Structures are given as structure tokens and as C-alpha cells.
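The next block holds one structure in the form of C-alpha cells; read it before the comments.
Here, each number is a calculation from the coordinates, and none is a lab measurement. Every value quoted in this text rests on a predicted model; they were computed, and no experiment measured them. Glycine also receives a Cβ, built like all others from the backbone with ideal geometry; neighbour counts cover every protein chain displayed.
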Amino acid sequence: MILVTGGAGYIGSVLVPELVAIGERVRVVDTLWFGNPFPPHDRLDVVEGDLRHPDPAWLEDVDAIIHLAGLSNDPTADFAPELNSESNVYATRQLAELAAEKSRRTGKEIRYIFASTCSVYYAPTTADEANVTVMTEDMPIAPTANYSKTKRLAEVELLRIADQHPLFVPVLVRKGTIFGLAPRMRFDLVVNVFTLHAWKNRQLTVHGHGEAWRPLLHIRDASDAYIHLLSAPSEKIRGQAFNLLHKNYRVLELAHWVAEVIEQRYGVEVRVKRDRTGNAGARSYYVDGDKIKNTLGFSADRGVTEAVVSIWDALERGDFGLEPDKDPRFFNIRWLKETVMAGAPA
Ligand SMILES: NC(=O)c1ccc[n+]([C@@H]2O[C@H](COP(=O)([O-])OP(=O)(O)OC[C@H]3O[C@@H](n4cnc5c(N)ncnc54)[C@H](O)[C@@H]3O)[C@@H](O)[C@H]2O)c1
């Protein structure tokens, strides 16, 4: 049985059906902030639960954990720093301690695949546009933003627990920014929101200088990588960090590419507008993705074009309602403010 925490979120909503389709038994534990995207299935157990208060019963029959739960971007982490620390560090550690203890008791390995992020590579001091540093997994990192700092702290906790428990097998998956269509959709990720704005306004806006580099990853490649890691040899992955990306894009070039895809495919002209006020979009990091290819033979080959087309088609079909840009469910920060934390002190 595979435990997928946060499995009802954006990535989980693609990964979990894939796991079920290949014959796995899956338990999802999720606060279900965005609802339950799954139809019932006899190999799928969806538990509404908060990882901050873990129940050891969630680990019954479990031999691998894919840990996706937590706050999943900068704006939510900045808005609710305490919830961010509790969910992203404390909850990650508690679940790992339960899993490690189980591995000791049963004498069987437990794999703990952790959803980390390439944004751990960003620190204001590394954002030198003139000299792009290509970040590899073995470089020293010191993230400063709430979100990436807690992801890094969680990584450190997992490695510490692994030092004490030889059968506990953590692996740190530092994913680039995801794009692509999913049953539980997010429109607060760069390619997805560019496509939404192009569809809605025939215009998309690049905030900040637009020269920033970002590593990007198709949601189906993220899902495939998790599945790949479930069966990779333990000795190759235990305690390892892997960057996971298709490639690095400059945000401005990406905007033009999205516009180009739409123009070519649908004959719709999309204007790319620059908004140079503020420093939104200024975060820049350029990440090397070779280690996972060289070590495990996995490569994330899907590009942006297919994702733009499938999102556009879904928008045309009305899959996300008539005004998805106004629906807070698709934007984590709005959803957190308007529902999850409504009434709670910020
Ligand atoms: N989407 C990306 O671009 C991206 C990139 C790199 C890393 N990641 C990481 O991958 C993971 C999944 O991302 P996503 O885009 O699917 O995010 P998401 O926000 O769509 O999903 C997160 C899920 O976790 C659940 N959750 C939050 N706190 C919880 C708690 N305390 N207990 C139980 N469930 C809880 C939410 O209900 C939600 O379903 C996150 O850890 C994120 O940080 C995402």
C-alpha cells in the first residue's frame, strides 16, 4: 500500500489515478481543502485528515509514502507562516518519525519520497542576472523565503532521521514549477496562468523584469517520476536529493512561447504585456536536471506545448466554469484566505 499525503491536491490528482491504474493500493490522507477529486475505487482509500495530528493507523500496510501535503507556494507560506512551519516541517518530521519507527519494529524498509522544490536554490544573493549559476544537488543552499526555507528544513529533518534508522529510505525530489492539466486544477502556476489569461483576455502579462530563469516540469512527468522512484533501488536513492525539471525557461520567453503556441494552433492573437512595477517574478534560479537521468535513467521529456493546448481545450469546454479567473479554488492564496483561514488570525 502506498500512502500519498496531500494526494487530493494538484499533483496528487494526476498521480493517484496513475498509481491505481498500475494496480497499486493507495491511501490518500489530505485535509481536502480543495475537495476530493476521485471517484470511488476499491483500491483507493481517501481519508480526510490533518498531517499536523498524525494517526499511526494511516501507516497500516504501508511500505512507501509519497509526501505531497503542505503549503505549496510562497504567497500562502508568507500569509500563514505558522501553518507553513507546522505543515511543511513539523508534520513532515512527525510522519517520518512514525514511518522510521515502523521500519525498526517490522524490520522492513519504508520509502519516504518527499515533495521538495527547486526554489530551495533561490536566495536574494544568488540572483545575479549577469552570472547564472547552474545549481546542482550537492551545492550549499540557504533559502530565505518562508516556503523554500521550510522545505529545506524538512529535507534536513528527513536526513537526520535516516541517520538513526537504516531501514528508513528518504528521497528528496526537488521539482521545478509544474504545469499542465489536472482534475484539481491550479491557475497560480506560471504556464497555467499564462494560458488562462491568454484565453480570457487575449493578453498575458509578465511581471518584473521577465529575464528570470525558472525550471519547469510537466505534471505527468512529476507523476511518472514518483512512480519511477517507488521501484528504484534503495541504495541509489536513500538520502539523495534529485532535481526534477524539463528545462529552464526565461519567464519572458516562456510568455512569448505560450502566445506562439496559441496563435499557431487556434489562430488567436495574444499580446504579451510587460509590467515592470514591483519585483514580482524577479526570483531567478537555473537548475541542473542531469543527476536523476544519470543515476536512475529517468528524464522529464514533456514540454510546454501539449500542456498549453490541453488547458486551452479544457477552458473552451467549460471544465472550470465560465469564469475560472474569478474562482478562488484555482488560486491557493485566495482559497487559503477566503476559506481555510477565514476567521483565523493571519
Ligand atoms: N505545484 C508545483 O509547482 C510544485 C513545485 C515544487 C514542489 N511542489 C510541492 O509538491 C507538493 C504538492 O503540490 P501541489 O501543487 O499538488 O499543491 P496543492 O496545494 O494543490 O496540494 C497540496 C494538498 O495538501 C493538502 N494539505 C495541506 N496541508 C495539509 C495537512 N496539514 N495535512 C494534510 N493535507 C494537507 C491540501 O488539502 C492539498 O490537497 C507540495 O508539497 C508542493 O510544495 C509543488
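Take the cross-link list Lys200/Lys326; Lys273/Lys326; Lys236/Lys291 and give me the ones stretching past 18 Å between alpha-carbons.
Table pairs above 18 Å Cα-Cα are Lys273/Lys326.
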Compute the acute angle (0 to 90°) between the alpha-carbon long axis of helix 190-201 and the principal axis of greatest extent of the alpha-carbon atoms of the chain; round to the nearest 10°. 40
Mind pulling the angle between the C-alpha long axis of helix 251-266 and the longest principal axis of the chain? Nearest 10 degrees, somewhere in 0 to 90. 70
Cβ-Cβ FRET estimate between Met1 and Gln203, R0 fixed at 51 Å, reported to 0.05: 0.60
Direction-averaged shadow area of the convex hull around the Cα atoms of the chain, nm²? 17.2
Take the alpha carbon gyration tensor of the stretch 189-298, find the square roots of its eigenvalues, order them as a ≥ b ≥ c, and report rounded if a/c is under 1.5; if not, report prolate when a/b exceeds b/c, else oblate. prolate
Could you order peptides 312-323, 250-261, 295-306 by the average number of other Cβ atoms within 10 Å of their residues, highest first? 250-261, 295-306, 312-323
List the residues, sorted by chain then number, that are 5 or more residues from Arg25 or on another chain and whose placed amide H is less than 5 Å from its amide H. Ile2
Which residues in the stretch 60-103 have a backbone N closer than 20 Å to a point placed 7 Å from the Cα of Asn36 along the Cα-to-Cβ line? 60-62, 66, 68-70
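What percent do you get for the relative contact order of the stretch 2-340 when only Cα pairs under 8 Å and 6+ apart count?
Computed over the stretch 2-340, the figure is 19 percent.
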Stretchable slack from Tyr266 to Asp45, in nm (0.36 nm times residue separation minus alpha-carbon distance): 75.5 nm
Excluding Gly49 itself, calculate the net charge of residues whose Cβ lies under 14 Å from the Cβ of Gly49, where each Lys or Arg counts +1 and each Asp or Glu counts -1. -4
Just want to confirm a number: the relative contact order over the stretch 36-172, from Cα pairs under 8 angstrom separated by 6+ residues, in percent. 31
Leading residue at positive end of dipole, the chain (Cβ point charges), from Val132, Gly303, Val62: Val132
Could you derive backbone 3J(HN,Hα) for the stretch 19-36 from the dihedral phi with the Karplus parameters 6.51, -1.76 and 1.60 (θ = phi - 60°), listing whole Hz in sequence and x where the residue is Gly or Pro? 4, 5, 5, 8, x, 6, 8, 10, 10, 9, 10, 7, 5, 6, 3, 9, x, 10
Please list, or write none, the lysines whose alpha carbon is within less than 22 Å of the alpha carbon of Lys149, excluding same-chain residues fewer than 8 places away. Lys175, Lys337
May I ask for the distance between the Cα centers of the stretch 139-212 and the stretch 4-76, given as a whole number of Å? 18
Taking square-rooted eigenvalues a ≥ b ≥ c of the alpha carbon gyration tensor, is the stretch 1-107 rounded, prolate or oblate, where a/c under 1.5 means rounded and, failing that, a/b exceeding b/c means prolate? oblate
Got a sec? Charge dipole of the stretch 2-340, +1 on Cβ for Lys and Arg, -1 for Asp and Glu; which of Phe194, Leu216, Thr144 is way out at the positive end? Thr144
Relative contact order of the stretch 19-65, please, whole-number percent, based on alpha carbon pairs below 8 angstrom and at least 6 residues apart. 39
